[in-house]
Amino acid sequence: MIKILANDGIDASGKQLLEEAGYTVDTNKVPQDQLAAALKNYDAVLVRSATKIRKDIIDAAPNLKLVGRGGVGLDNIDVEYAKQKGIKVINTPASSSVSVAEAVFAHLFSCIRFLPHLNRQMPLHGDTQFNDLKKLASNGTELQGKTMGIFGFGRIGQEVAKIAIGLGMRVLAFDPYVDEVDLALNLPMLGENNRLKVTIRTVSEQSVITQSDFITFHVPFNEGQKALVDAELMAKMKKGVGLINCSRGGVISERDLIDALNSGQVGFAGLDVFEKEPPVNMDVLKQQNVSLSPHIGGSTKEAQNRISIELAQKVIEFFKNNA
Ligand SMILES: NC(=O)c1ccc[n+]([C@@H]2O[C@H](COP(=O)([O-])OP(=O)(O)OC[C@H]3O[C@@H](n4cnc5c(N)ncnc54)[C@H](O)[C@@H]3O)[C@@H](O)[C@H]2O)c1
């Protein structure tokens, strides 16, 4: 009997597929420091971003044949080491792209109307400072007509572009490996198969940095890598630019971001990801003009459902071919 540990949970539909295939699926979370011992009894472990599958865990799990990551990044798994040990690593790269793209706009819409600050202040001072808060937030802006800069024009970057186009924004995308993309905007109001085609040619990094009102980052990031967005890069952006990071924490230097927010060079930031998770730098969390979420960009009911089904199908396929 094949035993699977879904240590960061798995949506019911994927679990059901695995159980129908005759596998045992445990969803009780094993703490990271007990994982090495627990995995001795499992053939496969399924994780999202929380559980880390490092060398020590791999060495301690002689029965392990498969590591499945629900989502995109494999930075919480020592992929090369697993491969050397004959362990297959799989993921579900496309399942959460729309959810992450929508999370970008959740942060963006909130920030341009000062909602993070208002939501913190109104329960405390909404009665006495109502008119002051109203005055401050009357400086909000619209997205329509503004320029959306997209760093990294892969799966998520392209979904962001589709939403931005739908909102009447100008899109500037930079990606050293992508020249041109045909986007098919899904517009169900126009009929089932009616897709509006829009071709986007990527532009230079310089154009995105200097011309965008808001910049969102959708690039890969590996532990130990230098931050892509530091003080030097932020200084070249439009004053008051809004930055959104729903990719990986280290992409933006938190220390430099705090300075740029304090000086007004960066107007606001929407952060779903942090240099350390859980975050240790409370200064970044306490900034007035920062919208926060605890790495849930790709976690919606729809994405969980798609991820679990794609993961289950890949697991079943693997064990069918490696019985
Ligand atoms: N917040 C979340 O919950 C969540 C969920 C899913 C994915 N992510 C993260 O989002 C990021 C993007 O995911 P994706 O599915 O779009 O990946 P993807 O591989 O489809 O796209 C990434 C793109 O970045 C480009 N790129 C690489 N280096 C670059 C650079 N220096 N400048 C500009 N572009 C560069 C690549 O050419 C590629 O086209 C990843 O870091 C992933 O881990 C976060």
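The values are calculated or read from the model by the stated rules, or taken from the named source; none is laboratory data. What you see is a predicted model, and the numbers here were worked out from it, not measured in a lab. Cβ coordinates were reconstructed from backbone atoms using ideal geometry, including for glycine residues, and neighbour counts include every protein chain displayed. Remember, those area values only see protein heavy atoms, side chains included, never the ligands or the DNA or RNA. Shrake-Rupley method; radii C 1.70, N 1.55, O 1.52, S 1.80 Å.
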Response to the item:
At the level of C-alpha centres, the distance separating the stretch 40-86 and the stretch 271-323, in angstrom, is 16
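Mind checking the stretch 11-51 for trypsin sites (Lys or Arg not before Pro) that DSSP puts in a loop (not H, G, I, E or B) and that have at most 15 other Cβ atoms within 10 Å? Please report the intermediate quantities before stating the final value.
Working: sites: Lys15, Lys29, Lys40, Arg48; in loops: Lys29, Arg48.
Passing sites in the stretch 11-51 are Lys29.
What is the chain's relative contact order, in percent, from Cα pairs under 8 angstrom and six or more apart in sequence?
Details: 606 pairs, mean separation 58.4, N = 323.
That works out to 18 percent.
What is the mean projected area of the alpha carbon convex hull for the stretch 47-103, to one decimal in square nanometres? Present the calculation step by step, with values, prior to reporting the outcome.
Working: hull surface 15.6 nm².
Result: a mean projected hull area of 3.9 nm².
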Discussion item. List the GluC sites (Glu not before Pro) within the stretch 191-256 that DSSP assigns to loop and that have no more than 12 neighbouring Cβ atoms inside 10 Å.
Written reply: Glu192, Glu223
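Nearest 20 debye, what's the magnitude of the dipole of the chain about its Cα centre given +1 on Lys and Arg Cβ and -1 on Asp and Glu Cβ? Walk me through the intermediate numbers first.
On the way: 36 positive and 37 negative charges, 38 e Å.
Roughly 180 debye for the chain.
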Worksheet entry | Shape parameters for the chain, alpha-carbon atoms, Rg then Dmax in Å | 21.7, 69
Worksheet entry | Sites matching trypsin sites (Lys or Arg not before Pro) across the stretch 134-235 that sit in DSSP coil, with at most 14 neighbouring C-beta atoms within 10 Å | Lys226
Practice prompt. With just the Cα atoms of the stretch 183-323, tell me how far they stretch along each of the three principal axes, in Å, largest first.
Written response: 56, 40, 26
Discussion item. With just the Cα atoms defining each centre, how far is the stretch 125-160 from the stretch 195-245? Give it in Å.
Written reply: 17
Worksheet item: Using just the C-alpha positions of the stretch 268-323 as equal point scatterers, what log10 of I(q)/I(0) does the Debye formula give at each q in 0.20, 0.27 1/Å?
Response: -0.77, -1.01
Discussion item. Taking only complete DSSP H runs, can you tell me which helices of the chain stretch 18 Å or more along their own long axis by Cα positions and average at least -1.0 on the Kyte-Doolittle scale?
Written reply: 97-112, 301-321
Worksheet, complete the sentence: Percent of all alpha-carbon pairs of the stretch 122-169 at distances over 14 Å, whole number, is 64
Worksheet item: Given labels modelled 7 Å from the Cα in the Cβ direction, how far is it in nm from Gln129 to Lys320?
Response: 6.0
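Run the dipole for the stretch 54-95 about the Cα centre, Lys and Arg Cβ at +1, Asp and Glu Cβ at -1, nothing else charged, and hand back the magnitude in debye, nearest 20.
With Lys and Arg at +1 and Asp and Glu at -1, about 160 debye.
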Worksheet item: Per residue, how many Å² of accessible area does the chain show with a 1.4 Å probe?
Response: 50
Practice prompt. List the equivalent ellipsoid semi-axes of the stretch 1-83 in whole Å, largest first, each obtained as the square root of 5λ for an eigenvalue λ of the Cα gyration tensor.
Written response: 19, 14, 12
Worksheet item: Tell me, what ³J(HN,Hα) does each residue in the stretch 56-69 have, in order and in whole Hz, if you take phi through Karplus 6.51 cos²θ - 1.76 cosθ + 1.60 with θ = phi - 60° and put x for Gly and Pro?
Response: 4, 5, 4, 4, 8, 10, x, 8, 5, 10, 8, 10, x, 10
